[in-house]
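One structure is given here, and the rest of the page talks about it.
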Amino acid sequence: MSLFAAFRDASSEKESSSSKQLDWLSNQSFRSADALALHHIALEKAKEGEEGERRECSEKSYGRISGEESEGESGGSGSGRHKKRKKKEKKKKKKHKKHKRKGGGGERSGDSYDSDSETVYPSDLLRQQQEGAHRRQSPVEREVVEVETSRQGGGRFRWLDDVQSAADAFFFCLDRKADPANWQYKSLYRGDIARYKRKGSSSLGLNPRRQAVSWDEEPGQEGKKRPRPDRRPERYYSSQARQLLRTDPLPSQPPPPETTTTTTTSGNTTQVPGANFIQLPSEKPEGDGKTVAGTSWVNPLGVYDTGTALWLEGKGQEQQQQGQQGQQQVGEKKGVEGMEARLTARVEELNRRVREDPTDTQGWLEYIRFQDELALWGTSEPAEHQQHHRMSTRGVLEKKLAVADRALQSNPGCVELHLERLAVCGELWEPPALLKEWKKLVFLHPNSAPLWRRYLRFCQGNFGTFSAAKAGAAYGKCLSTLAACGDGTMLSHPALPGIEDDMLDIFLQQCHFLRQAGHSEKAVCLFQGLLDFTFFKPDTVKDLPTRQQVEFFEPFWDSGEPRVGEKGARGWKAWMTQQERGGWLVPNEQEEDDDEEDDNEEVKDKTLPKWRIWLDVESSREAKHWLPWRPDQSKGQSEEDCEDPERQVLFDDIGPSMIRLTRPDLQLRLLCGFLHFLGLPVTTSIFSTTTTSSSPSASPSPSHHYQGSSISLLLDDLSLLQDQWDPARPLTSISPSWNSSAVGGGVAHVGRTGVLGGEPWSKQAVGLGKDGEEFVQNVLQQIAPLVAAAEDRAVLHLSWLQYGKLKVLRCVQSGNKKRLRIQGKRSKRLAKRLLKEPENRGRLDLWREYAQLEWLQGNLEEARKVFDTALAMGVSRGLKDPALCHLGLLYGQLEAEEAWRSGEGGSAAGMAAASSAAVHILTKLAEEDTYAAFAGQVSTVAILKARKSYEQAVDICLAGLEAGRASKKGQRLAGLVGCYALFQYLTMGIDAANAVYRQARERLEQQASITQQNTVVDSASASARASANSISMVADCEALAVQHAALLRHHTSVSVFPLVHLREALTAALTRFPTSAPLWHLYVQAEARYHSAGRARRFFHSVMKGGRSVVPYLFAVWAEQGRKELIDSVQRSGNPTGALPTLPENGLSNRIRSLFEVATAKEVGSQCPLLWRMYLKFMASEGNMERAKGIFYKALQNVPWAKGLYMDAVLLFPDSVTEFLDLMTEKELRLRAPMEEVEILLED
């Protein structure tokens, strides 16, 4: 009887289907009718046998009963036998049960076994009948039957070895013993089923074109366990989800509509388009919140809800969910299979590539790096399998190592493959074994400068094997070996192209390494020695090899004669000439005692903690004692009079690093590197462009003095990130010559090793002190006359004058009027002295710096007189002179800023062009006629003529660049286009200025890319010339981008203008120049005006992903930290207690921490001292001191040479100051004030 009226027919069907459950193995070839007939026959025979047995039992029952009574009356002897018989029967029963459990009955429960024992099976009846017949047979008959049965091979199993002959063998056995497990479990035991592999998918009796049988499991489910119904769904961070993200996305658009053919009443056929939309399911919400299922065979009227319909179908909700999950998994599997197919194709391609051409080193490198992608795809396991992750990582490394070894067998001389192999070995081997392998490699390839750089980076950055002395010895070994290759004395390995540039780069890197380690005296002596070795070399030793020249140089160094930068220095050449004549006598001049600074007490406040006093003493000695100590013979001093022996530098410390520089451009780079080391601003790049390592799509940024891989090692100061933009000077404050923070470029100069961010720029001491200023003056006065080219001497004088202007700017920012007045007089005296020299009287760049110096001090009238004098002197040169264009551009910018600040003419867009002094200056500049001071009005005709002249000059300049006639004077186009754009902005508006900048940048970038492509094809000399032209054009591109962005930022701040133009200009420029600090400052300021940071974060991510520089990471962290400080200040505003009314936002903290982790995981970021110091300071500011200490020890594993890192740790963890000082002593870093000496100072 069915529960529902609609299913009366279904109930009868269920009753008929119940008999199908007894089908043996559910095999269609097994007929149930035959089995039932056999069952009835067996029952009839069993009944006949039972009736016969009952008759026999009734006849013998009386005798058995009487026998038992007689045994009971017989006494004790019979009872003993009865007990023994019972024990035997019990033991036999136990053995029988145990045998049944071993035979497979153990898997069944007791209840099922009892229920089965009550059932009579046909096989049991047949066995009983056979046993009765066997029992009634005589022994002779039994033997005959057994022989006959054995001959037929039935009834018992036989081994193949027991068969005597093939005639007697019967290879089949009839097993008549029934297995009740087949009835209980409805199937055979899996161990009794023969295994086989099917060949093909055809089947007898089926039409192969229309019908087929699927013999396989569901695709992708072979050998896999089915998902458990109670398993929780996978989250987005699971391994399956990560694999799905890496697959190809499914098409989001619906398929094209399918047309259907319909017939109208008139008999015509029409094409009706199908549904061009994604159909929704047929479920409709009810009022009670339930869903109504569609009509089906269990729900013909559609009146049951989904749960009832599923129950009627015999399904549950979990099964439906499993079905949906199965469909989703099928889609995921398709994507996964597509990704696996692409990876397999990539593996086959790389295999074929290296097999067909084993010398393809680039293919081998791609194959080695491709293993990481394979591992990322194949080892996506849940987080709980940490051990598996470690093992899989080691397996991938070993696989990469095996591929690298195989590649080196075919390419033993490829340095790139050796470097890739050692990079893999760095994660597998111990440091001593790795160091041994590095030494072996540099021994085999001593002329490879890139290999030496990597080796020096390993010696400098491996904490286990690092010490300052060992790293310095490695630098000396490198330079001496490369010098031998360059001289030709090493016959086994010839010199490679550009070896002098590489040696100078490594030398400068060594000097900055010593400065960061605290050995400033050794670094200064290295510069002094190389300057003497280069500019004061005697003519008699110039043709000798470098090693012999160093042997002649050693007596001069040990003679005690004054060196470069010291008072009375005459140089190596003069000393050697005088020695040949008999030497000279040193006059005993009594100098004034200038020990006033030494009399000052180093410990000013003894109430401070000991660790704080140590930091102050160490920092003050770093600032004062960076010069090497020399005995003053006029005072009768000797080497024993030195209180700190570390301040004396021996020749063994500098001798191996002496190299030969023959080219004038390399000699100028050496001078600029020394000046920048002392803290002077320079206008040229210090490192060679061959070491530049930026992204392929991005050009190097000339604004930074240190390019390429060396920049991450040298960055250790916050000056790169600190923006000194002045709203009163929106156009000029962004230039490097004006911005004091841009001078250092993130590389601290000598004497500035201390706590990160300890003192702002305004509070730092101006200059290098009395001894330092005298040293700088002596260096410039002694070296400048020896520079052959007048242009190179002008570069030195310009750097000297800019240094004086920088000190005045520091005084202006500090607000100390007295110090400003004193420093202003000194700087003006220096400028006038330089301009009085005959060769400098016509140098417009020196006049420009002098006029800006007067403008900085507020002497506007004096500054205008200087500007007018310079313009009147050089205006006849016309727009072809780059110095004149830069002079006019600066003068026009200063006048425009002064007009905007005073409010004359209102905003920039509405300024009256005819009454503007800036327009007058730019107009006179374009006329190329006599210059006259501004009288108050500018004629309209003059403005039109000037615009035409600027347009023609820019077209001629760009056409000359495209024709290959680049000017030898760098940055010509930047000044010219800047003047034209500013003129257009003041006369026509921002749109005209935008058009000028955009057109010039597009043509300049196109020509620069063409020049870079031709650099590889041309010869060596032509390639060097094209490379210089390309660098000049790239510098012009960046300068134009900075000018354009500064002008757009000013216009958006004073008028209503869409910010999208500024953002587009900055993003386009930063994509090409990812290391430009001025552009990053402008971008961070522009995006900081909005609370939504998503756009900026996406752009930072795109630049960091595509480039190989650490600068974008630093600015990304700096921007997030500024946003966090802003939010914290807003939350604490108006709350004097300091407690927050709401919970603080910690999302920014997590994001900043994530940026630090990503940056330090990169190779360029892991060896950047500034990045680690910022990370340590941020973690300490968050209050997580335990984790901050862990970051410190992690930083030591990567930058153990950075003394500033140890000083930061002393400030943050004062309880462990003794441990940190012991570490510094162990690693041989310079410790100027031991803790024992500080204790003595406290006692005194």
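Odds and ends about this structure:
- Residues residue 491 and residue 416, FRET efficiency given R0 of 30 Å [Cβ-Cβ distance, rounded to 0.05]: 0.75
- A straight line joining the Cα centroids of the stretch 532-546 and the stretch 467-488 runs 19 Å.
- Student exercise, the stretch 422-571 dipole from Lys, Arg, Asp, Glu Cβ charges, in Debye to nearest 20: 360 debye
- Net length gained if the chain between residue 959 and residue 394 were fully extended (0.36 nm per residue, minus Cα distance): 197.6 nm
- The calculated FRET efficiency for residue 1235 paired with residue 357, based on their beta-carbon distance and R0 = 60 Å, is about 0.45.
- Accessible-area ranking of 40, 512, 886, largest first, probe 1.4 Å: 40, 886, 512
- Rounded to the nearest 10 Å², the accessible area of residue 644 at probe 1.4 Å: 40 Å²
- In this Cβ point-charge picture (+1 for Lys and Arg, -1 for Asp and Glu), the stretch 1043-1126 has a dipole of about 200 debye about its Cα centre.
- R0 of 25 Å, Cβ-Cβ distance residue 376-residue 409: FRET efficiency to nearest 0.05: 0.35
- Solvent-accessible surface (1.4 Å probe) assigned to residue 1005 amounts to roughly 40 Å².
- Residues 635, 924 ordered from highest to lowest accessible area at a 1.4 Å probe: 635, 924.
- Accessible area in the full protein assembly, largest first, 1.4 Å probe, for 1032, 448: 1032, 448
- Label-to-label distance, residue 554 versus residue 1105, with points set 7 angstrom from Cα along the beta-carbon direction: 5.8 nm.
- The stretch between residue 639 and residue 606 holds 8.6 nm of extra length on full extension. This uses 0.36 nm per residue minus the Cα-Cα distance.
- Heavy-atom accessible surface of residue 725, to the nearest 10 Å², is about 80 Å², with a 1.4 Å probe and all protein chains retained.
- Difference of contour (0.36 nm per residue) and Cα-Cα distance, residue 945 to residue 930: 3.9 nm
The values are calculated or read from the model by the stated rules, or taken from the named source; none is laboratory data. Predicted model only: the values in this text are computed from it and were never measured. Neighbour counts are summed over all protein chains in view; Cβ atoms, including those assigned to glycine, are modelled from backbone coordinates with ideal geometry. Each accessible area value is taken on the protein alone, full model and side chains, heavy atoms only, with ligands, DNA and RNA left out. Shrake-Rupley method; radii C 1.70, N 1.55, O 1.52, S 1.80 Å.
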